[in-house]
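Below you'll find the structure, written out as structure tokens, and then a few comments.
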Number of protein chains: 4
Amino acid sequence: MIRICQFGAGRIGSIHAANVAAAGATLAYVVDVNRDAAAALAAKHGARVAEAEAALADPSVDAVIIASSTDTHADLLERAARAGKSIFCEKPVDLSMARVERCMAVVKQAGVPVLMGFNRRFDPSFAALKKAIDAGTIGKVELVQITSRDPGPPPQDYVKVSGGLFRDMMIHDLDMARFLLGEEPVEIFATASCLVEKRIAEAGDVDTAAVTLRTASGKLCQISNSRRAVYGYDQRLEVLGEKGMLEAGNQKPTTVVASTVEGVRGDKPLHFFLERYADAYRAELTHFLEVCAGKAKPIVGIEDGRRALQLADAANESLKAKRAIAV
Amino acid sequence: MIRICQFGAGRIGSIHAANVAAAGATLAYVVDVNRDAAAALAAKHGARVAEAEAALADPSVDAVIIASSTDTHADLLERAARAGKSIFCEKPVDLSMARVERCMAVVKQAGVPVLMGFNRRFDPSFAALKKAIDAGTIGKVELVQITSRDPGPPPQDYVKVSGGLFRDMMIHDLDMARFLLGEEPVEIFATASCLVEKRIAEAGDVDTAAVTLRTASGKLCQISNSRRAVYGYDQRLEVLGEKGMLEAGNQKPTTVVASTVEGVRGDKPLHFFLERYADAYRAELTHFLEVCAGKAKPIVGIEDGRRALQLADAANESLKAKRAIAV
Amino acid sequence: MIRICQFGAGRIGSIHAANVAAAGATLAYVVDVNRDAAAALAAKHGARVAEAEAALADPSVDAVIIASSTDTHADLLERAARAGKSIFCEKPVDLSMARVERCMAVVKQAGVPVLMGFNRRFDPSFAALKKAIDAGTIGKVELVQITSRDPGPPPQDYVKVSGGLFRDMMIHDLDMARFLLGEEPVEIFATASCLVEKRIAEAGDVDTAAVTLRTASGKLCQISNSRRAVYGYDQRLEVLGEKGMLEAGNQKPTTVVASTVEGVRGDKPLHFFLERYADAYRAELTHFLEVCAGKAKPIVGIEDGRRALQLADAANESLKAKRAIAV
Amino acid sequence: MIRICQFGAGRIGSIHAANVAAAGATLAYVVDVNRDAAAALAAKHGARVAEAEAALADPSVDAVIIASSTDTHADLLERAARAGKSIFCEKPVDLSMARVERCMAVVKQAGVPVLMGFNRRFDPSFAALKKAIDAGTIGKVELVQITSRDPGPPPQDYVKVSGGLFRDMMIHDLDMARFLLGEEPVEIFATASCLVEKRIAEAGDVDTAAVTLRTASGKLCQISNSRRAVYGYDQRLEVLGEKGMLEAGNQKPTTVVASTVEGVRGDKPLHFFLERYADAYRAELTHFLEVCAGKAKPIVGIEDGRRALQLADAANESLKAKRAIAV
């Protein structure tokens, strides 16, 4: 049975811990600067609270899950890699490209497998859409549209340390663009505004963004982001190819539809990522356990994290320069 | 922590056992005439294999789940009731109305809570539809339509002992009709055919059926059943009221839609009850644990089982008599 | 150019007259007991107002459209038939079966083509569904569901002379059932209530009905009617066959969908038959002109009118007798 | 009755002529360099074939419809304006901005009303979406997405004289963007590829394009175009605002859906603009007749034509410069 040490006992950490239990693996240690949170999560799943050093030194620990705050990711990745553990790390590796590259070098030398938490690749609908592309359902991909909108903007404290919309939010869509295009973007153009809440502009950030990617062979991708979709988490994909179009739409809590004098009304999409990507998190963890067991290689790795960050940085550059940036 | 003894280690038993574990209750014993199946399921969830007598005699057991074959239900209900356990029993109580009534008397005297496994009442969409009725979204209910079709007919061995389509399959829809109409049917008309496979007629059964119910105040309900919907498990509700209509549709594995020269194509509905009602089984078990803990009363009980059987028997009578039967 | 005499200058008459003009035929005469209505419609399309006798005596008139009140249909059918005109007659032929049969004999002897106005057979979606059945898309038909609900009940004056829900409203659905089943019903069961407005019961009629048909080979059909669907004209078909299901849904004025905090809301269905079946009326008239030109035979004739009435009468009988009636 | 002279007897001319007839106006003259086409269309609607000079000199002619080839538009606009006729002109005014501006001056001096043929503004669904924006359904507009794809690329002869994708095809979407944003774009970025057929690149054009617009207040709009959507004419709008999202989807020939072992399949969208925008052409003509009758002012005029062309030209400039262009 695979034994896991998890860093981070917050919202996303709780999900991973539950998925570890449900999948039949063992949560051995929980590490968190918030000792109470660590203790509560550990108690729930029969794990022990520990310090990072001790936990990583335990040879019975096969793998680590890094679900702590962003600024700890690179350091923990290096330490876990040096300790020879299999690693599942939430995105991003780091907000600094230089730091990412140093970290990648350490990981590479250690030779351990790293799964980066681009959870959307594991969403059953998005994964099925990608599978349909690969099966040739629509022939060569020509034009990708990615819609990604949060139900509401994050608190100001989060905005300030988030690294900005492109690195915090659109990074998921930039990874999805690479996943769907099946070829690297070579050019990016970004424009964006602060339309939702003024405080976001005051923090030097934007809340509404439109990005265009272009690959070497001329495939195009449009991404749009907003920090506010009052009707719920709006997560849709659309891919046009020579033989047709594939779409993956939003998911809803129920199928109930009410027809009244006011029209025909159905549910809003699921509220946010915890609800919408519940299945994706489960599938992601299952995949990680297969990686730990040596039965699979990570389908998304640290290099994918670096690429997505690179695109996000180029988006920021394009936003300022008002021109396409080569990547 | 609630301790449970489960009778039955088959397909549906496995689901309940997993839900018990996920919900944080303890599976103490597994009882099954198939000792291997019992042992496997017990091992998976840290339970012990036992005989019924020993398990029911254990005072640390709070509750029983009866998921064994239909012919054992009434007997186990009585024994568990006499032992003072809270009971969750798969439908039906029995195929004989006289036996059902004897069993009800025993249970009543014991005073234990019994939850009958009409799982569809716990389906999130169906439950939300019922809630919308109760909230007055469509005013008074006038006309209910229930569509219920299996992906394919059961094996002949099952057909022979099933009690017939009305008591085996439509019984769920008859319960749903009562749930949605909010008032007891007083009249039933049934017609049916064998159109799917001749072997079903050879076993004295039908595979395609249309039933009409009528309540005292004149509300109407149409139910249709088929043992074969090649596109998957077709489970839909529709309720017309004075202020509108409520519908609950099928559920699909993914939201992926492909538009090609051949049309616009999406997924088939989920294959069968294990997939479609996975959330319902989970919610049902959660409710049962609340019942065990004394925090809730069963929302569907043994009397509901009796009523549904009575309607199924009347449907059989109507089918033969070619007239409406008062119930 | 085909020259037409139209009886009836009311709501449905106006539609037929406009379709005659649009299709490039000539409206020669308009006959209506309401001379003002006749004059207005005639003026709009360059026709003349006439008495029935004169119009039918004009040898330059090729065809008649009978869109006057129900009680005039049989008489006009006979007179037009004797005058050798091609006939398009709104349903029903008459509310009395004996009268229908006498009329049929006259028409038969005259040898003129008669198209009965079962407009729904010409609805593009319903016609496409039938075509898909005939093309074998779902194999043998097993189970048909017909939903047919008006947006609101007719005025009391109309209710009193309508002949009752089965002969006035469900007659369309009974014809559709025959059309889709592809084989004659041999048994009918009907139940019905007055749930919408008490005045309807006071007129001896019902407003909510559920009917079940059965063919010789055991195919089943369920029809439901309501005089009130506050969300608009609800006209849907569903056919289950051995290889799948075909559905035809409601039509909406626009495709606009609004997602807000209150849910995801689209248009109600088109309001009533004039809007919903506008295309059907157009196609029906085009077909009639082809019949007049000798290029086609009526796809629905006076015998279909008789059959539908027979089923409606049997539905009334079943409603009273509470049993299935053989037809 | 309004008397009209129509220039152009081709595909779109035939539609306008039929709509003129259906709306109760008179088609007096048809002018076309192809005399046979002119004669055929004139015969069908009881009009006369004429030369431009004679037709424009006829004082009984109230209005002209310009549906001839693009290179004749500006000249005919000027001549018709000088003759004091009300004008309905298909887009574009001209492919040269200088020519457009000269033409506008002439028209302005003549003081005649000009309706530009941006037919999509008249599409019932698009018009309803715009009305919902204006009604405040989604509050302030933030982000607009326009999807516009032809079923297949035009013939090479057309490609060569079309003026290029931005001025020929996307010009409709650029007008729609202005319509929906409710404020002028001040910046445009375009990128595009030739992915569909090499011959298009050989003619110096592109077939797949992604454009981003930005208004002064920071509202964003993404437009995507492709010359090939094998599943039919793909014409969709989506508008995100502070209080929700509005969408207008594709339209389909029928509502028929087939559920089989292969999935759940519905119709493809209507094939191309003649089918999809049939209602829009009708509504547009009706509006023009109201303009002719002095009852309405053109809802889209020659200045809108100039603006759309300006944006198309800027898109071409952006494509070459790889940067956002201020407009």
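The values are calculated or read from the model by the stated rules, or taken from the named source; none is laboratory data. Just so you know, these numbers come straight off a predicted model, no measurement behind them. No Cβ is skipped: glycine too gets one built from the backbone with ideal geometry, and neighbour counts run over all protein chains shown. Ligands, DNA and RNA are excluded from the accessible area calculation, which covers all protein heavy atoms including side chains. Shrake-Rupley method; radii C 1.70, N 1.55, O 1.52, S 1.80 Å.
Computed quantities for the displayed model
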item: Options D:274, D:289; residue that is at pLDDT below 95 and more than 8 Å from every other protein chain (Cβ to nearest Cβ); result: D:274
item: Check on residue B:73, at pLDDT below 95 and under 23 Å from residue B:281 (Cβ atoms); result: no
item: Residue count for the range C:135-169, restricted to those that are closer than 19 Å to residue C:231 by Cβ and touching a residue at least 60 places away in the same chain (Cβ under 8 Å); result: 10
item: Yes/no for residue D:174 being among the aliphatic types (A, V, I, L, M), surrounded by 24 or more Cβ atoms within 10 Å (Cβ to Cβ), at pLDDT 95 or above and more than 15 Å from residue D:304 (Cβ to Cβ); result: no
item: Test: residue D:142 is in a helix (DSSP H, G or I) and either of a type in the set (S, T, N, Q) or over 18 Å from the mean Cα position of the chain (by Cα) (or both); result: no
item: Positions within the range B:97-146 being within 13 Å of another protein chain (Cβ to nearest Cβ), under 11 Å from residue B:180 (Cα atoms) and open to solvent by less than 40 Å² (accessible area, probe 1.4 Å), in sequence order; result: B:126, B:127, B:129, B:130, B:132, B:133, B:141, B:142, B:143, B:144, B:145, B:146
item: Any hit, the range C:212-233, residues being touching a residue at least 12 places away in the same chain (Cβ under 8 Å), in contact with a Gly (Cβ under 6 Å, 6 or more places away or on another chain) and open to solvent by less than 10 Å² (accessible area, probe 1.4 Å); result: yes
item: Residue list for the range D:13-36, filter: out of contact with any helix residue (DSSP H, G or I) (no Cβ under 8 Å at 6 or more places or on another chain) and either at pLDDT 95 or above or closer than 20 Å to residue D:72 by Cα (or both); result: D:33, D:34, D:35, D:36
item: Pair list, Cβ under 6 Å, 6 or more apart: the range B:27-41 residue within 14 Å of residue B:55 (Cβ to Cβ), other residue open to solvent by 40 Å² or more (accessible area, probe 1.4 Å) and part of a helix (DSSP H, G or I); result: B:27/B:45
item: Number of positions in the range D:7-25 that are open to solvent by 40 Å² or more (accessible area, probe 1.4 Å) and of a type in the set (S, T, N, Q); result: 1
item: Check on residue C:94, under 22 Å from residue C:10 (Cα atoms), open to solvent by 50 Å² or more (accessible area, probe 1.4 Å) and of a type in the set (Asp, Glu); result: no
item: Matching residues in the range C:147-158 - criterion: being touching a Lys or Arg at 6+ places or on another chain (Cβ under 9 Å) and either open to solvent by less than 10 Å² (accessible area, probe 1.4 Å) or not β-branched (Val, Ile, Thr) (or both); result: C:148, C:149, C:150, C:151, C:152, C:153, C:154, C:156
item: In the range B:43-71, residue surrounded by the most Cβ atoms within 10 Å (Cβ to Cβ) [restricted to those that are in contact with a helix residue (DSSP H, G or I) (Cβ under 9 Å, 6 or more places away or on another chain) and assigned to a helix (DSSP H, G or I)]; result: B:56
item: Selected residue [within 10 Å of chain C (Cβ to nearest Cβ), assigned to a strand (DSSP E or B) and in contact (Cβ under 8 Å) with a residue 24 or more places away in the chain] from B:246, B:240; result: B:240
item: Cross-chain or 6+ apart pairs with Cβ under 8 Å, the range D:261-274 first and in contact (Cβ under 8 Å) with a residue 24 or more places away in the chain, then surrounded by 14 or more Cβ atoms within 10 Å (Cβ to Cβ) and basic (Lys, Arg); result: D:268/D:252; D:269/D:252; D:269/D:276; D:270/D:252; D:270/D:276
item: The range C:101-126: number of residues that are basic (Lys, Arg) and free of Cβ contacts under 8 Å to residues at least 24 places away in the same chain; result: 1
item: The one condition in (1) assigned to a strand (DSSP E or B); (2) facing chain B (nearest Cβ under 8 Å); (3) open to solvent by 10 Å² or more (accessible area, probe 1.4 Å) that residue C:196 fails to fulfil; result: (1)
item: Residue A:152 more than 14 Å from chain D (Cβ to nearest Cβ), closer than 27 Å to residue D:181 by Cβ and under 19 Å from the mean Cα position of the chain (by Cα); result: no
item: Filter pass, residue A:179 being farther than 17 Å from residue A:272 by Cβ, assigned to a helix (DSSP H, G or I) and open to solvent by less than 10 Å² (accessible area, probe 1.4 Å); result: no
item: Qualifying residue in the range A:26-35 (condition: open to solvent by 20 Å² or more (accessible area, probe 1.4 Å), assigned to a helix (DSSP H, G or I) and among the hydroxyl-bearing types (Ser, Thr, Tyr)); result: no
item: Some residue of the range A:90-112 being modelled with pLDDT of 95 or more, under 28 Å from residue A:251 (Cα atoms) and in contact with a helix residue (DSSP H, G or I) (Cβ under 6 Å, 6 or more places away or on another chain); result: no
item: Test result for residue D:236, open to solvent by 10 Å² or more (accessible area, probe 1.4 Å) and touching a Pro at 6+ places or on another chain (Cβ under 6 Å); result: no
item: Scan of the range A:303-323 for residues that are within 14 Å of chain D (Cβ to nearest Cβ) and surrounded by fewer than 23 Cβ atoms within 10 Å (Cβ to Cβ), ordered by number; result: A:317, A:319, A:320, A:321, A:322, A:323
item: Of all residues in the range B:253-302 being basic (Lys, Arg) and open to solvent by 20 Å² or more (accessible area, probe 1.4 Å), the one that is nearest to residue A:124 (Cα to Cα); result: B:268
item: Failed item in (1) over 20 Å from residue D:74 (Cα atoms); (2) buried (at least 22 other Cβ atoms within 10 Å of the Cβ), with residue D:4 passing the rest; result: (1)
